[in-house]
Amino acid sequence: MRANLLDELRKPYVVTGAPRAVRGPRDSQISVRVALNPFASTIGYTLPYIVSGSIIVSLVLGLPTVGPLLLKALIAQDMFLAGTSCSSSA
């Protein structure tokens, strides 16, 4: 997200508006909206992998797989363990 926003703030339409005193809160809002698009689309296609059927089945049946570990990591907000669990189970 940060890299997308920095790239967006260097685009010609933002840079040319700065010397004309056009730059303001509206300009940054537009840049943030444009920078959010790749982030939102990435979440959209990654979400089904995170909540895949195998994880839900292992939680319901109590199978000793990565599912309960992922749930504990999400509850504890351990982003590193949750990210590792999601990438390895997909």
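Just so you know, all these numbers are worked out from the coordinates, no wet-lab data involved. Note that the coordinates shown come from a computational prediction; the quantities given were computed from them, not determined experimentally. A quick note on method: Cβ atoms are made from the backbone with ideal geometry, for glycine too, and the neighbour counts reach across all protein chains shown.
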Pairwise FRET efficiency - Ile30 versus Ser54, Cβ, R0 = 35 Å, nearest 0.05: 0.30
Length gained when the stretch Ala3-Leu74 is fully extended (0.36 nm per residue, less Cα-Cα span): 23.0 nm
